[in-house]
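Here is the structure we will look at.
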Ligand SMILES: Cc1ncc(COP(=O)(O)O)c(C=O)c1O
């Protein structure tokens, strides 16, 4: 075909005909800890990186590689490495760039494990994060110093629901000589491809929309392959630049961190993720439609104090979402407020279908009270700053819309 295939089609077909799987249309689950080689010379060349064959599952695996190639393409990147979880992807990518004494700039609105990793765990290694308002270019610019190694953003912040201007932030980072790293989990490449806006490294928890059914844990790091690592700021990348040029970052991450920290994805989980990808396009369309209708239902309900949904035209990030997401939708996440924590608990306890659990981007509709769950062990002042006790986070699934709103309506009656 002359015309490039659409995202939805590539999510289903890409890669199938490139492999000799005896006509199978899904990758086999290569459940082998290691791969034998006919000759000592072949194994030696594979270890030296001169042959693309497999050695040991902690390094590479054919099922994982199939998913990596597919995700790199869907995110408009050049190459990818899949990992055991989204947090493994984030810690791998960051640690590849950071050394003791280094600094980086990150959005002040972050997923809570990322927040903990950046603000307390990295501190143990002598690394400083400067948190900046993701919507304030001056704040971000003012925090980039000579020691900054990268800028880190989330496409849609979790649970703040803010949309940073990735194009402008990428241009700013590049002007200062540093790469932009983006966690694209809440948007997915169906909605937004940060590399096309200038990002250099894109991360995901594939646990969410890619797998789609809440059955697989995973992460991915995608390298755009366009950043110039051969500058004064990144002299420590010189050996990797010599080997892989603009793919120096992913090559270093793989060689140093992925392999030695053992952050390998399980092939069965990669298989489930490939399976999930095939229906991602239709799931996302239904997610977007249901999210809009659920947000409207909640907004009109007298017991709901406020709804934070970027699809509303008066949301401060609505226009940015329209621009960055190309009019395809506004994500499936929203937050809303009730009178107090008790009311939130009563609502959750009276739902009959919607599930109270710590995940998002599932085909099932999910609810959580972040203040009393994900943030429960954070110090009180920090917890109050990061999550309002009256706030519920909602991930709208793909069930029939009348069942989602019906369940909410009868639970709200008991609040
Ligand atoms: C935005 C974001 N990034 C990263 C993660 C971590 O992913 P995982 O749970 O797969 O480690 C999550 C998990 O919810 C998330 O919401």
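The values are calculated or read from the model by the stated rules, or taken from the named source; none is laboratory data. In this text the structure is predicted, and so the values were computed from the model without any measurement. Cβ sites come from the backbone with ideal geometry, for glycine too, and all protein chains shown count toward neighbours.
Evaluated against (1) touching a helix residue (DSSP H, G or I) at 6+ places or on another chain (Cβ under 8 Å); (2) crowded, with 24+ Cβ neighbours inside 10 Å, residue 173 falls short on exactly one condition, (1).
The lone criterion from (1) away from the ligand (no atom under 16 Å from the Cβ); (2) without any contact (Cβ under 8 Å) to a residue 40 or more places away in the chain left unmet by residue 151 is number (2). The condition of being under 30 Å from residue 280 (Cα atoms), in a helix (DSSP H, G or I) and touching a helix residue (DSSP H, G or I) at 6+ places or on another chain (Cβ under 9 Å) holds for residue 404. Would you check which residues across segment 95-116 are within 12 Å of the ligand (Cβ to nearest atom), crowded, with 19+ Cβ neighbours inside 10 Å and in a helix (DSSP H, G or I) and list them? 114, 115 - these are the residues of segment 95-116 that are within 12 Å of the ligand (Cβ to nearest atom), crowded, with 19+ Cβ neighbours inside 10 Å and in a helix (DSSP H, G or I). In the set 282, 304, only one residue is modelled with pLDDT of 95 or more, touching a strand residue (DSSP E or B) at 6+ places or on another chain (Cβ under 8 Å) and more than 24 Å from residue 93 (Cβ to Cβ); that residue is 304. Determine which member of the set 281, 326 is surrounded by 16 or more Cβ atoms within 10 Å (Cβ to Cβ) and either away from the ligand (no atom under 16 Å from the Cβ) or closer than 19 Å to residue 188 by Cα (or both). Just one listed residue meets the conditions, 281. On inspection, residue 66 passes the criterion of being buried (at least 22 other Cβ atoms within 10 Å of the Cβ) and out of contact with any strand residue (DSSP E or B) (no Cβ under 8 Å at 6 or more places or on another chain). The set of residues from segment 69-94 being outside any loop (DSSP other than H, G, I, E, B) and either surrounded by fewer than 21 Cβ atoms within 10 Å (Cβ to Cβ) or not assigned by TED's automatic domain parsing to the domain that holds residue 246 (or both) comprises 69, 73, 79, 87. Of all residue pairs spaced 6 or more apart or on separate chains, those with beta-carbon atoms under 6 Å, a first member in segment 337-360 that is within 16 Å of the ligand (Cβ to nearest atom) and a second member that is assigned to a helix (DSSP H, G or I) are 356/348.
Rundown of residues vs (1) touching a residue at least 12 places away in the same chain (Cβ under 8 Å); (2) buried (at least 20 other Cβ atoms within 10 Å of the Cβ); (3) within 22 Å of the chain's Cα centre (by Cα), yes/no style:
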position	(1), (2), (3)
233	yes, no, no
239	no, no, no
242	no, no, no
245	no, no, no
251	no, yes, yes
260	no, no, no
268	yes, no, yes
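I need the full set of residues from segment 361-375 which are assigned to a helix (DSSP H, G or I) and either surrounded by fewer than 17 Cβ atoms within 10 Å (Cβ to Cβ) or within 14 Å of the ligand (Cβ to nearest atom) (or both), in order please. Within segment 361-375, 370, 372 qualify.
Kindly indicate whether residue 378 is part of a loop (DSSP other than H, G, I, E, B), surrounded by 16 or more Cβ atoms within 10 Å (Cβ to Cβ) and either within 16 Å of the ligand (Cβ to nearest atom) or not assigned by TED's automatic domain parsing to the domain that holds residue 206 (or both).
Answer is yes for this residue.
Among the residues of segment 159-175, those that are in contact with a strand residue (DSSP E or B) (Cβ under 7 Å, 6 or more places away or on another chain) and either on the phi < 0 side of the Ramachandran plot or not assigned by TED's automatic domain parsing to the domain that holds residue 95 (or both) comprise 159, 164, 166, 169, 170, 173.
Residue pairs whose Cβ atoms lie under 6 Å apart, separated by 6 or more positions or on different chains, with the first residue in segment 204-220 and more than 9 Å from the ligand (Cβ to nearest atom) and the second in a strand (DSSP E or B), are 220/80; 220/82; 220/204. Could we say that residue 47 is outside the structural domain of residue 261 (by TED's automatic domain parsing) and more than 16 Å from the ligand (Cβ to nearest atom) here? Criteria met by residue 47. Comparison of 189, 159 shows that the only residue that is surrounded by 19 or more Cβ atoms within 10 Å (Cβ to Cβ), within 16 Å of the ligand (Cβ to nearest atom) and assigned to a helix (DSSP H, G or I) is 189. A single member of 91, 120 is within 16 Å of the ligand (Cβ to nearest atom) and out of contact with any strand residue (DSSP E or B) (no Cβ under 6 Å at 6 or more places or on another chain), and it is 91.
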